[in-house]
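Student: To start, I am sharing the structure in question, which I have written as structure tokens.
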Amino acid sequence: MTGASGVGKDTIRHAALPDIENLFFSISATTRTKREGEVHGKQYYFHSKEDFEEMLANDGLLEHAEYVGDYYGTPSKPVLEALARGQDVLLELELVGARKVKEKMPEAIMIFIAPPTLSELERRLRSRGTDSEEKIQKRLSRAREEIKAVKEFNYVVVNDLLTRAVRDFKSIIYAERVKSKYIEPQDIARFLKEL
Ligand code: 5GP
């Protein structure tokens, strides 16, 4: 899932995940400083630039990107292990990272979380009170770039009303899971026998 910082991705995810079985959320690594209340290993793995670069050099990241002066990346191992266990994996990525994942894993489903308006996004970023004016402007400019790329995504969820956004997000996952391409050959054979 991709969407500007401040658009409510975390809130949607927290509300939706308890209702979706077998979905593994990948915790990203980042070099940005912790916000109040954030815990290492919960929202992110917080690392120094040196540690992050070492992870990169050791091929430990599935993708990574720079965002408003910091690095963000997806640790490969937990994602590959979850996939091997048969779980679906949810990644929260900005646009550059989302494109890289799509390139590596074309079967990935891209979901864009959009704010109702850019001015509402700006209001949400300011009310969070964690970023300098300069960073807010940079985040807004990235948000504009991401919105321009909305057609690259399979789905768009507008977070105007949280309950509706959560419903839409869950519907996407449920619908993707019952696509006919996932029907096992033995199930098709069983249907055919009854014709
Ligand atoms: P924030 O600083 O607001 O937590 O995140 C900034 C941006 O980085 C958001 O757009 C968020 O989705 C994105 N992001 C978080 N984790 C990752 C990651 O592992 N890889 C990439 N490419 N972007 C990430």
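Student: Compare Glu120, Glu176 by solvent-accessible area with a 1.4 Å probe and give them largest first, with all protein chains kept in place.
Tutor: Glu120, Glu176
Student: Further question on the same structure: Ignoring ligands, DNA and RNA, what accessible area per residue does region 1-133 give at 1.4 Å, in Å²?
Tutor: 51
Student: Also, quick follow-up: Between Val39 and Ser119, what length in nm is gained on full extension when 0.36 nm per residue of separation is reduced by their alpha carbon distance?
Tutor: Full extension of this stretch gives 25.8 nm more.
Student: Find, among the trypsin sites (Lys or Arg not before Pro) in region 27-95, those assigned to loop by DSSP (not H, G, I, E, B) with at most 11 other beta-carbon atoms within 10 angstrom.
Tutor: Passing both the DSSP loop test and the Cβ count: Lys42, Arg85.
Student: Could you order Ser28, Ser127 so the one with the most accessible surface comes first? Probe is 1.4 Å.
Tutor: Ser127, Ser28
Student: What FRET efficiency, computed as 1/(1 + (r/R0)^6) with R0 = 25 Å and r the Cβ-Cβ distance, is obtained for Ala108 and Lys77, rounded to the nearest 0.05?
Tutor: With R0 = 25 Å, the Cβ-Cβ based efficiency is 0.90.
Student: I need the shape label for region 15-119. Rule: rounded when a/c is under 1.5, else prolate if a/b > b/c, else oblate, with a, b, c from the alpha carbon gyration tensor.
Tutor: Rounded is the answer for region 15-119, as its axis ratio a/c remains below 1.5.
Student: Sequence gap at least 6, Cα distance under 8 Å: using those rules, report the relative contact order of region 1-75 to the nearest whole percent.
Tutor: 29
Student: Anyone know which of Ile173, Ile12, Ile27 comes out most mobile in the 10 Å Cα GNM of the chain?
Tutor: Result for the chain, Cα springs under 10 Å: Ile173 fluctuates most.
Student: Continuing with this model, one more query. Heavy atoms of the protein only, probe of 1.4 Å, neighbouring chains included. What is the accessible area of Val101 in Å², nearest 10?
Tutor: Using a 1.4 Å probe on the heavy atoms, I get roughly 10 Å².
Student: Using θ = phi - 60° and the Karplus curve 6.51 cos²θ - 1.76 cosθ + 1.60, what whole-Hz ³J(HN,Hα) does each residue of region 96-109 get, with Gly and Pro shown as x?
Tutor: 4, x, 4, 5, 5, 5, 4, 5, 6, 10, x, 6, 4, 9
Student: Taking a virtual spin label 7 Å from the Cα of Tyr174 along the C-beta vector, which residues in region 1-20 bring their backbone nitrogen under 14 Å of it?
Tutor: It comes to 16-20, nothing else.
Student: If you take every DSSP beta bridge whose two residues both sit in the chain, what share of them, in percent to the nearest 5, is antiparallel?
Tutor: If I count the DSSP bridges inside the chain, around 40 percent turn out antiparallel.
Student: Work from the charge dipole of region 39-154 (Cβ charges, +1 for Lys and Arg, -1 for Asp and Glu, about the Cα centre) and give the residue of Gly73, Tyr44, Gln137 farthest towards its positive end.
Tutor: So the residue we want is Gln137.
Student: Less than 18 Å from a label point 7 Å out along the Cα-to-Cβ axis of Tyr182: which backbone N atoms in region 154-174 qualify, by residue?
Tutor: Residues 154-156, 167-174 fall inside that zone.
Student: Show me the ranking of peptides 181-190, 60-69 by mean Cβ neighbours inside 10 Å, starting with the highest.
Tutor: 60-69, 181-190
Student: Probe 1.4 Å, all protein chains in place: accessible area of Asp168 in Å², nearest 10?
Tutor: My reading of the accessible area for Asp168 is about 50 Å².
Student: If you place +1 on the Cβ of every Lys and Arg and -1 on the Cβ of every Asp and Glu, how big does the dipole about the Cα centre of region 2-194 come out, in debye to the nearest 20?
Tutor: Its charge dipole is roughly 540 debye.
Student: Report, to the nearest whole %, how much of the accessible area of region 2-194 belongs to carbon and sulfur atoms, 1.4 Å probe, protein only.
Tutor: 54
The values are calculated or read from the model by the stated rules, or taken from the named source; none is laboratory data. Being a predicted model, the structure only gives us computed values, none of them experimental. Using ideal geometry, Cβ is built from the backbone for each residue, glycine included, and neighbour counts are taken over all protein chains shown. Heavy atoms of the whole protein, side chains included, go into the accessibility calculation; ligands, DNA and RNA do not. Shrake-Rupley method; radii C 1.70, N 1.55, O 1.52, S 1.80 Å.
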